[in-house]
Amino acid sequence: MAERDEMLEQLRSNFRKFGQQHVEPHQAEIDHADPAYQSEFFEAAVRAGFERCALSEELGGAGLGLAALLALAQELGRICAGHAAALGLHAAGLSALAAVAEPAAQRVLASGRPLALQLPEPLGLDALDTQLKLDEQGRVAGPAGLCLNVAPGGLLLAFALDCSGALAALLIKPDRSAEPERTLGLRALNMAELTLAADSTVQIAAQGAAALALYHDLLRRICLVCCAVGSGLMSAAYEQALRYASERYQGGCMIIEHSHMQEILSGMAAAQGVHSTVLTNLGDAVDLRQALALKIESGEAALRLAADAVQVLGGYGYMRDYGMEKRLRDAETLALLPLSTPRAALLLAALERARL
């Protein structure tokens, strides 16, 4: 256990240095530029081995599983939630795929591109709202909807219905690229509306019950990644707000000396402390039900804390120069991934009913 903790702490240190070198100098510029695939960032992450962080040793990973992935997302989330989400979602999709279809995962690794994800809405526990169709010749066509982590020349993990109406998990090379969407936040995470044509290259990763299990495992991993990104965002927002309140002189004293300001900051400290502690103790044993519950609470907590941090900075909180308005926009967008809070709550309720 001590050796595992030491390896995890070393990974955290590596993620922190990587973020300071490859993310921090560029994140503000990327946030206000036209949306585009961040090729230099991803290529640097590949060279550093971060895409393999949650994989087994046989696939070149550290063998630390989900703990390594959450450490990555949390450390990068402190610097830029968009970059953290981009790399975290790729690693989550890759590790979920490797668990059921190792050749498909190897193909993603060989591509040198992030894994794009299509995440259809769940219709209860055993069906997905997908319009993609897989015909008898193994060709797929139809609207895939809004996909995450889309990159030119990259692969897409998507879910379709075959001729019998059974679910299939597919690894697809889209026949054409799409213009990325300009989103409210997380702008380093490419999102695009994709429609697939029948000439797209397709590899079947899982079918039937195995495909549904892959979807649920992917959803579980991404929920936890979003919690980790949110935890990093909360820690950074709180620390910046605390520094500002300690240095801002107004009304005859530093504003941190006002009781109302102390009340706001103490609430922020409690929220980020609780979520950071919970995240540290998470592991591969967390099931989908627990992951959804954590995602709902974490998303709402990150939103509240980011809004409080903007309030602490006053008018400066809305200025680009201070970066706090970016954190608020990132928190707003993060709360929608991988499902909006109302949809996540519906799935959680269905899982709870199934336990009775």
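Bear in mind that the values in this text are calculations on the coordinates, not laboratory data. What you are looking at is a predicted structure, and each value in this text was computed from that prediction instead of being measured. Here the Cβ is made from the backbone with ideal geometry for all residues, glycine too, and neighbour counts use every protein chain on show.
Values for this structure:
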read-out: The stretch 165-233: radius of gyration and largest Cα-Cα distance (Dmax), Å; value: 15.3, 42
read-out: In nm, spacing of pseudo-spin labels at ALA349 and ALA198 (7 Å Cα→C-beta vector); value: 4.1 nm
read-out: Scaled radius of gyration (Cα, divided by 2.2 N^0.38 Å) that the stretch 116-213 gives; value: 1.05
read-out: Reciprocal of mean inverse Cα separation for the stretch 218-355 (Kirkwood radius, Å); value: 15.8 Å
read-out: Choice from GLU75, GLU58, GLU239 showing the highest fluctuation, given a GNM over the chain with Cα pairs closer than 10 Å; value: GLU58
read-out: Residue with peak Gaussian network fluctuation, the chain [Cα springs, cutoff 10 Å], from SER95, SER231, SER266; value: SER266
read-out: 16 Å tail of the calculated P(r), the stretch 229-281, as % of Cα pairs; value: 44 percent
read-out: Whole-Hz couplings from phi, Karplus 6.51/-1.76/1.60, listed for the stretch 166-183; x for Gly and Pro; value: 7, 7, 9, 9, 10, 9, 10, 9, x, 6, 8, 8, 9, 5, x, 7, 8, 9
read-out: Inverse of mean 1/r across different Cα pairs in the chain, Kirkwood, Å; value: 20.8 Å
read-out: For the chain, built as a Gaussian network whose Cα springs stay under 10 Å, the top-fluctuating residue of LEU123, LEU196, LEU294; value: LEU123
read-out: Under 5 Å, built H, 5+ apart or other chain: amide partners of GLU121; value: ASP129
read-out: Estimated FRET transfer efficiency when R0 is 22 angstrom, pair LEU59-ALA209 (beta carbons, to 0.05); value: 0.35
read-out: At least 24 Å along the helix axis (C-alpha) and Kyte average at least 1.0, DSSP helices within the chain; value: 81-100
read-out: Size of the stretch 21-174 as Cα extents on the principal axes (Å, biggest first); value: 50, 38, 30
read-out: Length-normalised contact order for the chain - Cα pairs under 8 Å, 6+ apart - percent; value: 17 percent
read-out: Long-range lysine pairs (8 or more apart or interchain), the chain, Cα under 29 Å; value: 4
read-out: Separation between Cα centres of the stretch 102-122 and the stretch 235-278, rounded to whole Å; value: 41 Å
read-out: MRE, 222 nm, helices only [DSSP H, n ≥ 4, -39500 (n - 2.57), over the chain, to nearest 500]; value: -18000 deg cm²/dmol
read-out: Residues of the stretch 248-284 with amide N under 13 Å of a point placed 7 Å along Cα→Cβ from ASP5; value: 281
read-out: For the stretch 2-111, Kirkwood radius (reciprocal of mean inverse C-alpha pair distance, Å); value: 14.2 Å
read-out: Sequence-separation-based contact order of the stretch 116-213, relative, with Cα cut under 8 Å and 6+ spacing, percent; value: 31 percent
read-out: Distant-in-sequence amide H partners of GLN207 (H built 1.01 Å from N, under 5 Å); value: ALA169
